[in-house]
Amino acid sequence: MLRFCMIIAFFSGLIMTFSGCVTVTDNAPRFERLFCWGAPWSEQQAQRYASAGVTDIMVKNHNQYLLAKKYGMTPYWQCFTPAGPHRQVMTPEEEKYHDYINGKDLDKKLSKAERSKILDQRRIATNHRYGGEMVRDFDTLNTEIACFNSDTDFSLSAQRLDTLLKNVPADVAGMYIDYIGYMNHNGCYCQTCLAQYQQYLADRKLADSSENKTAFYRHKIVEYYNKITGYVKSKYPHFKFVVHIYPDFKNDPLYGNRTPADYCGQTVSWYFKFTPEKIRQYTQFVVNRARDHHNFVQGLPFIGLNPQSTSSLAHKTPQEVEEELQIILASGGRTLLVCSGSAILKDGYYEVFKKYCTPKR
Ligand SMILES: [Zn+2]
């Protein structure tokens with residue numbers, strides 16, 4: 001079907017070109033929805049987001065909610081991240097690496113600039129990927145995540161959700177969710193998690209193996225998503241959830257369609273660029289396999305974008321972003337999720353998003 005549509009699009013483009021009315025580009029497909037991982041912090045920003053084609057946006061307070069509504073964007077209230085009684089536990093080697101890329105050994109008196117310079121050097125030298133797919137034997141986040149598996153009665157998570165939703169306007173579309181995953185891209189090795197793993201094996205009469213470990217830790221992520229969405233929907237039945245599947249889960253990067261995310265953002269190009277072929281393959285999976293497990297899920301191709309070229313987080317030029325958008329469109333993507341959202345507002349990038357994400361005039 002996709003191939004058929006592309007052939008039709010090609011010929012209709014050709015005909016229009018020969019007639020001399022419009023260019024092939026005018027007939028090219030565009031994105032129908034642009035989800036922004038960023039909030040409107042001023043009226044000027046809200047206006048610029050909307051004119052770049054942003055249709056769906058996170059809001060963190062009542063003023064931002066009003067701005068989103070004023071400029072015709074669908075607001076989602078706040079972003080939930082995991083809660084637990086302690087942070088996740090990694091292997092000693094991973095803990096050591098985490099300390100190193102965070103400069104735990106550095107002199108506290110170093111200036112912020114000196115400290116950043118050293119951390120950037122360390123992260124570049126070790127191929128640190130900030131939670132995206134790793135390119136070394138192991139990698140960890142530079143940040144920390146609470147062990148949500150240890151919030152066994154869901155009380156801490158419920159408390160956090162209640163706080164986030166305390167002053168929620170009645171007609172927001174839902175909320176954003178982030179950081180449901182593991183700091184080391186594999187699993188947490190605290191006593192609670194290890195005991196739960198043994199119970200999981202015993203209940204299913206399974207042996208301890210790397211495949212079963214992957215299945216267990218993935219199961220715990222999906223279970224946590226189910227608890228979050230179930231709890232919120234018990235109070236706000238109309239809520240929709242915009243999710244970025246993050247950090248990367250090493251042994252099954254595209255597991256996101258197992259989660260009950262209404263809008264499931266899965267990375268098709270990280271801040272560190274993926275090859276065109278990989279962007280193509282991932283986009284096709286994210287879009288075409290979105291409903292393998294739930295019939296209400298819409299898969300959102302996610303791209304990471306850093307407009308600054310001065311840190312260890314990779315950089316993309318506006319032209320490189322345009323090439324990625326073209327690949328995603330050619331692979332069947334009609335929705336897009338972008339982080340950082342504020343990059344959409346920068347000169348050069350703004351024009352690219354406007355070109356591909358606003359309705360044809
Ligand atoms: Zn744990």
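The values are calculated or read from the model by the stated rules, or taken from the named source; none is laboratory data. Keep in mind the model is a prediction, meaning the values are calculated, not measured. Cβ sites come from the backbone with ideal geometry, for glycine too, and all protein chains shown count toward neighbours.
Please pick out the residue among Asp120, Asp107, Asp99 that is of a type in the set (Asp, Glu), at pLDDT 95 or above and under 29 Å from Ile279 (Cβ atoms). Only one candidate passes the filter, namely Asp120.
Only a single item in (1) in contact with a Phe, Trp or Tyr (Cβ under 7 Å, 6 or more places away or on another chain); (2) closer than 27 Å to Tyr224 by Cα is not met by His86, and it is number (1).
Any chance you could count how many residues in segment 77-135 are assigned to a loop (DSSP other than H, G, I, E, B), among the small types (Gly, Ala, Ser) and either exposed (fewer than 12 other Cβ atoms within 10 Å of the Cβ) or more than 16 Å from the ligand (Cβ to nearest atom) (or both)?
Final tally of qualifying residues: 4.
In segment 169-182, of all residues being in contact with a helix residue (DSSP H, G or I) (Cβ under 9 Å, 6 or more places away or on another chain) and touching a residue at least 12 places away in the same chain (Cβ under 8 Å), the one that is surrounded by the fewest Cβ atoms within 10 Å (Cβ to Cβ) corresponds to Pro169. Entry remark, segment 1-37: residues being modelled with pLDDT of 95 or more and either of a type in the set (S, T, N, Q) or touching a helix residue (DSSP H, G or I) at 6+ places or on another chain (Cβ under 6 Å) (or both) number 5 in total. Within segment 198-209, one or more residues are more than 15 Å from Pro82 (Cβ to Cβ), of a type in the set (Lys, Arg) and assigned to a loop (DSSP other than H, G, I, E, B). On the stretch given as segment 235-290, residues that are under 19 Å from Phe31 (Cβ atoms) and basic (Lys, Arg) total 2.
Considering only segment 184-234, state which residues are hydrophobic (A, V, I, L, M, F, W, C), within 13 Å of the ligand (Cβ to nearest atom) and without any contact (Cβ under 8 Å) to a residue 24 or more places away in the chain. Hits for segment 184-234 are Leu194, Ala195.
Number of residues in segment 153-183 that are more than 15 Å from the ligand (Cβ to nearest atom) and under 23 Å from Gly131 (Cα atoms) equals 4.
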